[in-house]
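Presented below is the structure to which this report refers.
The values are calculated or read from the model by the stated rules, or taken from the named source; none is laboratory data. Just so you know, these numbers come straight off a predicted model, no measurement behind them. Methodologically, a virtual Cβ is constructed for each residue, glycine included, from the backbone with ideal geometry; neighbour enumeration extends over all protein chains shown. What goes into the accessible areas is simple: the full protein's heavy atoms, side chains included, and nothing from ligands, DNA or RNA. Shrake-Rupley method; radii C 1.70, N 1.55, O 1.52, S 1.80 Å.
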Amino acid sequence: MEEKTKTFVKPEDFLKIQIRKQQLQQRLRHKSKTTASDKPENDLGSNNVFDRKKRANPFARDTDQNNKKSREDSLIQVEDTIFELIHSTKSKPSANLEAPILEVLNEYEKNVIGIVQENTKEEPPKIEILKFLPVDWSIKRCIRILSKTMVTPSTLKSSVEASGLTGFVRCLDIKNTNSGLDISSSARFHQNLMYWQSPHLPWLNLVQRNSSNNNPFKLNENEIDSLYKDWMNSFKNLFNLLRARQCPYFYVLANNYNILFRAAGIGGRAEMHALLTPTSKGFRQMLNDEEIEFTQPLKKSGKKSLTPNNSIVVAPDENNEEEEEDEMAFLEDLGINKSDIKFKENIKAKQRELEDDHGDVSTALIEGADCQTFFNFLLNAKSTLPKVGKLAGIPPTLLAPVGFLGGTLRRQNMKSSKLRIDGADYFSIELIGAILPHTVHTLTTLLSELKDNYNLTMANYINTIAFTKVSKELINDLDTSQTFADNVFGVENLSDCGIDMEVLKTMCSVKPEAINITERLQYCRKLGGFTYF
């Protein structure tokens, strides 16, 4: 006993022992209450004999004394265990005081549970990693960049702004050239925010020409004539730059249609070409009258083939032919005249032609020499200059990544702010304006050098999304083995067009993954690429 009293117990161990002692006492009290409540009692006040409980056997063994003895024995055992815990030098891990509840299952239930668990196992979603950003030929109206690193301040120094402006106008890579300009990230970011536009009227939105913010106003005839002559000179100069491969692409945005002109080599095409969207039956008939051949790559009813006399022949569907023959035979059996049947067929044919009008499916592709004829058609067509509406007398808008005669230098509006998301600080940059495809690529290349992850959220002009759909369809129809050499020569021929070489390679690529509609992207530095989110 003397040796036991000399041992020292830590306060933490002593508190644990006290807690265990209280838990054991509560369990013993709970056990005694349950045994007392389960003790049978005779209900002598009941009149019904059958409702009375069975009389206790007087010769039976006294259970109260046994319960008292068992309680005393358990208390003695608890006292002994407490003293042993107090005088023990090593602390033992505490055991669960409550026994686990075991569920007994038969074989059928076990098999059912196993099958359900196998079926509910979901494979982790595969993350598609894009090593390079695909080209989206639609014009962006807004881009939001979210990152933890500040890319550029809201107010720029005069030297930074001048270096960015000089680099864009002269088409210089200020980082890799010895020009003496500022090569900071702010200057390069400012350089990538610019584009050329004609005409430019500050009080009108000439990119989204059907915008509700445009207030109608009236121009006199002299103003309309001078504005249109200036626009014709700009359009001619820009088309000559495209044909000489000094401009990779440019846009023509009118009230009723949008056109994307692209140089030879872009998108794997060997000749310069134009994408026109949307088109109507009347406009396509005008092209046929001018002997301009075109195709509609997104046409679902059948591929269009052009005959030498420029008449369009649509490949018929066998199922539709069988249905029409059955319907014709049924109508003839009913005694309907053939003239009435032909009249009904003509109505159906007109309805089929009008179904896809003014949509993405109506997008037309014009290539080669027909592209030159189409250019002359736009210069002389009366529909080019709108006569009615809010923008009456104002010619279509020209947008280009390089300078041209009569073009106005424009820059996207930039808004920067600081946000706090989930306890972390983020920097947000919002760009608003006409953001061209090459601008998105150059900005992502610059942001990837900051050694930080970032998110891109983009909003497209809906009327220009068809350009990306048609471009992707054209690449899927190409034979990549035959067009690889053309792709290499296309990049070399466009080396002086004023666009970064890496961006130019992506635009001339013939891989299907090189073109896609992009709206939300996330750059992960660990994965080394972009992911959709």
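Anything in the stretch 218-232 that is of a type outside the set (A, V, I, L, M), surrounded by 10 or more Cβ atoms within 10 Å (Cβ to Cβ) and farther than 13 Å from residue 386 by Cβ? List them, or say none. Show your work before the answer.
Going residue by residue through the stretch 218-232, those that are of a type outside the set (A, V, I, L, M) are 218, 220-223, 225-226, 228-231.
Restricting the remaining residues to those that are surrounded by 10 or more Cβ atoms within 10 Å (Cβ to Cβ) gives 223, 225-226, 228-231.
Result: 223, 225, 226, 229, 230.
Residue 145: aliphatic (A, V, I, L, M), at pLDDT 55 or above and surrounded by 13 or more Cβ atoms within 10 Å (Cβ to Cβ), yes or no?
Details: aliphatic (A, V, I, L, M): yes; at pLDDT 55 or above: yes; surrounded by 13 or more Cβ atoms within 10 Å (Cβ to Cβ): yes.
Yes, satisfied.
Filter the stretch 419-447 for residues that are open to solvent by less than 30 Å² (accessible area, probe 1.4 Å) and small (Gly, Ala, Ser) and give the result.
Just the residues of the stretch 419-447 that are open to solvent by less than 30 Å² (accessible area, probe 1.4 Å), to begin with: 424, 428-429, 431, 433-444, 446-447.
Correct list: 424, 428, 433, 434.
For residues that are surrounded by 15 or more Cβ atoms within 10 Å (Cβ to Cβ), among the hydrophobic types (A, V, I, L, M, F, W, C) and within 23 Å of residue 254 (Cβ to Cβ), tally how many sit in the stretch 171-217.
Residues in the stretch 171-217 being surrounded by 15 or more Cβ atoms within 10 Å (Cβ to Cβ), among the hydrophobic types (A, V, I, L, M, F, W, C) and within 23 Å of residue 254 (Cβ to Cβ): 4 in total.
State the number of residues belonging to the stretch 281-301 that are open to solvent by less than 50 Å² (accessible area, probe 1.4 Å) and either under 10 Å from residue 364 (Cα atoms) or basic (Lys, Arg) (or both). Break it down stepwise before answering.
Going residue by residue through the stretch 281-301, those that are open to solvent by less than 50 Å² (accessible area, probe 1.4 Å) are 282-284, 287-288, 292, 294-299.
Now drop any that are not either under 10 Å from residue 364 (Cα atoms) or basic (Lys, Arg) (or both), which leaves 284, 294-299.
Total satisfying the criteria: 7.
Anything in the stretch 356-372 that is in a helix (DSSP H, G or I), more than 29 Å from the chain's Cα centre (by Cα) and either at pLDDT below 90 or not acidic (Asp, Glu) (or both)? List them, or say none.
The first filter runs over the stretch 356-372 and keeps only residues in a helix (DSSP H, G or I), leaving 360-362, 369-372.
So of that shortlist, the ones also more than 29 Å from the chain's Cα centre (by Cα) come out as 369-372.
Residues satisfying the conditions are 369, 371, 372.
Any idea how many residues of the stretch 267-280 are open to solvent by 20 Å² or more (accessible area, probe 1.4 Å) and within 28 Å of residue 494 (Cβ to Cβ)?
Here is the first cut: in the stretch 267-280, the residues open to solvent by 20 Å² or more (accessible area, probe 1.4 Å) are 269-272, 278, 280.
From what is left, the residues that are within 28 Å of residue 494 (Cβ to Cβ) are 269-272.
Total meeting the criteria: 4.
For the stretch 507-520, which residues satisfy the criterion of being surrounded by fewer than 20 Cβ atoms within 10 Å (Cβ to Cβ) and not in a helix (DSSP H, G or I)? It would help to see each step written out before you state the result.
Taking the stretch 507-520 first, the residues surrounded by fewer than 20 Cβ atoms within 10 Å (Cβ to Cβ) are 511-513, 516-517, 519-520.
511, 516, 517, 519, 520, listed by residue number.
Among the candidates 475, 432, which residue alone is assigned to a strand (DSSP E or B) and among the β-branched types (Val, Ile, Thr)?
Values: 475 fails: assigned to a strand (DSSP E or B).
From the options 475, 432, the qualifying one is 432.
Which numbered condition trips up residue 159, out of (1) assigned to a loop (DSSP other than H, G, I, E, B); (2) at pLDDT below 90?
Against the list (1) assigned to a loop (DSSP other than H, G, I, E, B); (2) at pLDDT below 90, residue 159 comes up short only on (1).
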